[in-house]
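To keep things clear, I will list the structure first and then write my remarks on it.
The values are calculated or read from the model by the stated rules, or taken from the named source; none is laboratory data. This is a predicted model, so every value here is computed, not measured. Cβ coordinates were reconstructed from backbone atoms using ideal geometry, including for glycine residues, and neighbour counts include every protein chain displayed.
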Number of protein chains: 2
Amino acid sequence: MARIAIDLHGGDFGPSILIPSSFQFFQDNPHHHGVLVGQSKSFRSFVRQCPQNIEFIDANPLGDEASRPSRLLRKTGTSSIETCFRMLEMQDVDTLVSAEHTGVLLALISKYGQLHALINRPVLASWLPGLNKSTLMLDLGASYFANHEQLLAYTAIGIGIKKSQTNSPAVGLLNLGTEQFKGPPELRLADAALHKWSDLNYKGFIEASSVFKGDLDVIVTDGFTGNSVIKSAEGALDLTLSILKNKLNHGVFSRLLAFWLKQQLKSSLKKLDPRLSNGALVCGSNLQVIKSHGNARGKAFYTAIERAASAHSGQYTTSIWVQLDKLFDELA
Amino acid sequence: MARIAIDLHGGDFGPSILIPSSFQFFQDNPHHHGVLVGQSKSFRSFVRQCPQNIEFIDANPLGDEASRPSRLLRKTGTSSIETCFRMLEMQDVDTLVSAEHTGVLLALISKYGQLHALINRPVLASWLPGLNKSTLMLDLGASYFANHEQLLAYTAIGIGIKKSQTNSPAVGLLNLGTEQFKGPPELRLADAALHKWSDLNYKGFIEASSVFKGDLDVIVTDGFTGNSVIKSAEGALDLTLSILKNKLNHGVFSRLLAFWLKQQLKSSLKKLDPRLSNGALVCGSNLQVIKSHGNARGKAFYTAIERAASAHSGQYTTSIWVQLDKLFDELA
């Protein structure tokens, strides 16, 4: 059983959109317990249909601090997201789902949690769709740059998360080419260290073109690149779907033939959309936080809550910490 | 009329594949002149069918230097690619197409050419497919990192190339988000400078998800990110095509319905493939060099020769130099 806090005010949509997704999740999963945090006037109309395993807590939306998260560090706030973090800190909940800005989540993790000694800044990890299996990729933009020790820490985090599913996760390091002499110094240093890392199923450098092949368990990269790779794939997919749409709407013959096919293709291609694989783990601290996309709604927000539940049952936070400790000893 | 040198030994395939593409191009474009450089035994069997506007020059393939390009700097080589560069230097040809490794091309540009004072290292620029129009993106991997002055130089190069087609090219700078406060310092410095740049149609930060929208003329980024963004899109497209293929081969009903549709979709989607938009301009020196993909053949290699011809007729090299001079004065 996971006790899951849900911040109703992060993201683009707010409570009226996030509450129905949450209700659905907790109805489907009666063994989990939900704590929905938001303005009482926003959830009042929902209380009557509320599943028994959900409680509401009244708190205000975050104000201007969203654009200047450092302000959050100075005084105790009463916002919904800060209320959630206080519950996490007090262990009143096990895990938290929020669509709040990354900057806000990072600030509050440093305020209420504790980072592992190897981590300067939390790391964003998420699951990419792939042909064979889904791949965990990190960092996805919590930092802009990663030196070689941070890249090693990301690897430890990735292994920590994947250990619950597979004994010896296959790891790749993203670079411009697969040859060992390629790439900037921090990547070549990390590559050399990973080759020596005992018990690691390390596959060496990989290129961004094979990110979606699904033959790896963990892909390690700096946040700027990781974020760009995912968004580029989203853009390419959007372009593909709009070309499909144009093509299939052109001419009566085509429209008739295509009607049935269109549905089929659309749903297959939609599966690839990184946006529907919603819910990134904010890793490297003692608090378990899942960041939902700001524009996630319906099934996508539901998926983020699912991630939170499986992160708790998989004991990701502890498992990550164990791997980081191991790396700490290796580097000492 | 452009005098175009073609290095027959760069890339994965060699003369027997590259010669037919070249023949086709010069047959279709009898006003251009081709100089094909490679081992005589490799082109001997082709000489009889050779179009009149093509001549062959005998030279050896490059040896081990491909993996250690610095060796090329020490002594005068007799390889096909170095022969091409000597012709470029002596102005016996106007432009060069080669599928040689980027490192080799960069070394030989510094040996036989002259870089503009603002450029430390040549810059790779290429055209991305898009819904509305094709977009020029740079750098695509000649450098790993770019400081803010390099990003400004990339902008000047992009404008230089696009000026021949459009009076006021729309420029975007790739970042993790569109807000001005986002991103690493070099991007924020470049953004601030570009906003002040007179006569520039600057659209601010853009995210990798809008790279393929085709609403910009020039997208500026560092080489590591640019390379990753393109390869990620290639990977996403491959995945999409293989899902399409699986879906459409599944079941008799589907196969019958889909036969005609499949051809249509495939050709439309293929158009998006960055690989078919082959031929990157290696910019920032007084020599005009087009880099073909190592795995380009047939229509793709043909496209690279087309790029060389239009780079010459568009006077890209001079136009880039003019824009870099302007920037030099602006920064002085």
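Here are a few things to note about the model shown:
- For the stretch B:43-67, filtered to residues that are surrounded by fewer than 20 Cβ atoms within 10 Å (Cβ to Cβ) and small (Gly, Ala, Ser), the residue that is farthest from B:Ile17 (Cα to Cα) is B:Ser67.
- Taking the criterion of being at pLDDT 90 or above and surrounded by fewer than 19 Cβ atoms within 10 Å (Cβ to Cβ), the residues of the stretch B:180-189 that qualify are B:Pro184, B:Pro185, B:Glu186, B:Arg188, B:Leu189.
- Hits in the stretch B:201-235 (condition: assigned to a loop (DSSP other than H, G, I, E, B) and of a type in the set (S, T, N, Q)): B:Thr221
- Some residue of the stretch A:197-219 being crowded, with 23+ Cβ neighbours inside 10 Å, more than 14 Å from every other protein chain (Cβ to nearest Cβ), among the acidic types (Asp, Glu) and closer than 29 Å to B:Ser242 by Cβ: yes
- Hits in the stretch A:182-207 - residues which are within 24 Å of the chain's Cα centre (by Cα) and of a type in the set (Asp, Glu): A:Glu207
- The set of residues in the stretch B:35-55 that are in contact (Cβ under 8 Å) with a residue 40 or more places away in the chain and of a type in the set (Gly, Ala, Ser) contains only B:Gly38.
- Close pairs from the stretch B:228-248: first more than 7 Å from chain A (Cβ to nearest Cβ), partner in a helix (DSSP H, G or I) and basic (Lys, Arg), Cβ under 8 Å, at least 6 apart: B:Leu241/B:Lys266; B:Leu248/B:Arg255; B:Leu248/B:Lys262
- In the stretch A:129-177, the residues that are surrounded by 18 or more Cβ atoms within 10 Å (Cβ to Cβ) and acidic (Asp, Glu): A:Asp139
- Test: residue in the stretch A:197-209 that is among the hydroxyl-bearing types (Ser, Thr, Tyr) and modelled with pLDDT of 90 or more: yes
- Meets criteria (under 20 Å from the mean Cα position of the chain (by Cα), over 30 Å from A:Leu324 (Cα atoms) and not hydroxyl-bearing (Ser, Thr, Tyr)) for A:His9: yes
- Number of the exception - A:Ser67 against (1) under 30 Å from A:Leu216 (Cβ atoms); (2) at pLDDT below 95: (1)
- Those residues of the stretch A:76-115 which are among the aromatic types (Phe, Trp, Tyr) and surrounded by 21 or more Cβ atoms within 10 Å (Cβ to Cβ), in sequence order: A:Phe85
- Flag if A:Ser313 is over 20 Å from A:Arg121 (Cα atoms), of a type in the set (Gly, Ala, Ser), at pLDDT below 90 and surrounded by fewer than 22 Cβ atoms within 10 Å (Cβ to Cβ): no
- Residues (in contact (Cβ under 8 Å) with a residue 40 or more places away in the chain and either out of contact with any strand residue (DSSP E or B) (no Cβ under 7 Å at 6 or more places or on another chain) or under 19 Å from B:Gln323 (Cβ atoms) (or both)) located in the stretch B:201-214: B:Lys213
- Yes/no for A:Ser143 being under 20 Å from the mean Cα position of the chain (by Cα) and closer than 25 Å to A:Ala117 by Cα: yes
- Checking each residue in the stretch A:149-172 for being touching a helix residue (DSSP H, G or I) at 6+ places or on another chain (Cβ under 6 Å) and within 14 Å of another protein chain (Cβ to nearest Cβ) picks out only A:Leu151.
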